[in-house]
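Structure first, commentary second.
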Amino acid sequence: MRNSSRRQFVKSSIAATFAAGLETSLSRSMLRESALLGETAATVPADSAAIKKGVLLEMLPDKLSYADRFKMAREVGFEVVQAPTTPDEQIAEEIKKATDAASIRIDSVMNMDHWKYPLSSSDPAVVDRSLAGMRTSLHNAKLWGADAVLLVPAVVDPQTSYRDAWTRSQAQIRRLIPLAEELKVVIAIEEVWNKFLLSPLEMAAYIDEFHSQWIKSWFDVGNVVLYGYPQDWIRTLGKRIIKVHLKDFKRKENGYAWVNLGEGDVDWRAVRQAFGEIGFAGSATVELERGDEAYLRDVSNRVDRLLLARP
């Protein structure tokens, strides 16, 4: 999704005195990472055999039927698809039949109601709408055979403090864990330009505080380039990462732009090495503009070259 909310960034940092409890959580997360990865992690490339190449359903030509879209995705080299929340049960069934016919899997769902109706809202009606959207997403995932739903957990705004975003969103996500466990679908927390979870240490602490195998990280390579380094986030989050979004980001003299893979400031060699060090074996899904078959084939080839080191 090229949602404008994902393209906004407020140049502010977290207050140094956010909370003593958070500092403790960060320290514990750092200790866990030391045990998980070790101080001398081996320098190895990403496992091109283990990582599955994915594409957003919205990137495929919308003039085609679902069946033809999924067929095209497979033919240009993608192995899995990420689909959006689909409340209409008839359309959801149509999507399932189309993936079966094309022999391609939907492996994740992009939750759709978390921006307009954030879990961090103080309005119970807004929160209820957001929870309903997540429940629909989780049931979509079960129907389609997906194992994760992407969730933007909170939005910090003039009405929502950073602390409130943290505590409110965690409280609501805990209400979703029993359903996630029942359906065997992971809730994957993504870092986006929502003025929240602005460092990998925070993200690690936020996830760890759930003490649940059903809460993981959805890491977006491009989203952190403006204020961090993807390879640092990857190493810090480690095994918490279940899925990945791929896009590239280019700093410009008068601003920035989202560009095609390999045309921005992402150090793909460093990213590839970091994924190898943590043994990442999930799916890496491109999140770019919609395009035709030639464009999609080029994007697929770029993933091969940049992330998977395939010829």
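Using θ = phi - 60° in the Karplus curve 6.51 cos²θ - 1.76 cosθ + 1.60, the 3J(HN,Hα) couplings for the stretch 72-88 round to 5, 4, 5, 5, 8, x, 7, 9, 9, 10, 9, 10, x, 3, 10, x, 6 Hz; x is entered for Gly and Pro. Charges were assigned to the Cβ only: +1 to each Lys and Arg, -1 to each Asp and Glu. The resulting dipole of the stretch 20-306 about its Cα centre is roughly 280 debye. Residues considered: 56, 143, 288. Largest GNM mean-square fluctuation over the chain, using C-alpha springs under 10 Å, is found at 143. Farthest towards the positive end of the charge dipole of the stretch 20-306, among the residues 45, 268, 110, is the Cα of 45, using unit charges on the Cβ of Lys, Arg, Asp and Glu. Taking the DSSP bridge list for the chain and keeping only pairs wholly inside it, about 15 percent are antiparallel.
3J(HN,Hα) couplings calculated from phi for the stretch 192-205 with the Karplus curve 6.51 cos²θ - 1.76 cosθ + 1.60 (θ = phi - 60°) are, in sequence order, 9, 7, 10, 6, 9, 6, 8, 9, x, 5, 5, 4, 4, 5 Hz; Gly and Pro show x.
Just the number, please: percent antiparallel of the DSSP beta bridges in the stretch 170-292, rounded to the nearest 5. Roughly 30 percent of the beta bridges in the stretch 170-292 run antiparallel, per DSSP.
Rounded to the nearest 20, the Cβ-based charge dipole of the stretch 232-311 about its Cα centre (Lys and Arg +1, Asp and Glu -1) stands at 320 debye.
One entry in (1) 21.8, 69; (2) 21.7, 64; (3) 18.7, 55 is Rg and Dmax of the Cα atoms in Å calculated from the shown coordinates; its label is (3). Can you list the aspartates and glutamates whose alpha carbon is less than 13 Å from that of residue 97, not counting same-chain residues fewer than 8 positions off? Partners found: 68, 89. Each peptide among 182-193, 255-266 gets the average number of other Cβ atoms lying within 10 Å of its residues, and from highest to lowest they stand as 182-193, 255-266. How would the stretch 102-163 be classified by its alpha-carbon gyration tensor: rounded, prolate or oblate, with rounded meaning a/c under 1.5 and the a/b versus b/c comparison settling the rest? Taking the square roots of the gyration eigenvalues as a ≥ b ≥ c, the stretch 102-163 is prolate.
In this structure the amide hydrogen of residue 241, modeled in the peptide plane, comes within under 5 Å of the amide hydrogens of 217, none closer than 5 places in sequence on its chain.
What shape does the stretch 224-311 take by its C-alpha gyration tensor, where a ≥ b ≥ c are the square roots of the eigenvalues and a/c under 1.5 counts as rounded, a/b above b/c as prolate, and the rest as oblate? Because a/c hits 1.5 or more and a/b fails to exceed b/c, the stretch 224-311 counts as oblate.
At 0.36 nm per residue, minus the direct Cα-Cα distance, what do residue 65 and residue 250 gain on full extension? Give it in nm, one decimal, please.
Working: separation 185, 0.36 × 185 = 66.60 nm, distance 3.38 nm.
Full extension from residue 65 to residue 250 adds 63.2 nm.
For the stretch 92-218, what does the alpha-carbon gyration tensor say about shape, rounded, prolate or oblate, given a ≥ b ≥ c as the root eigenvalues, a/c under 1.5 as rounded, and a/b over b/c as prolate? Here the stretch 92-218 falls in the prolate category.
Only the coordinates and a few stated rules stand behind these numbers; no lab work does. Nothing here was measured: the structure is a model prediction, and the numbers come from that model. All Cβ positions, even for glycine, are placed from backbone atoms using ideal geometry, and neighbour counts span all protein chains on display.
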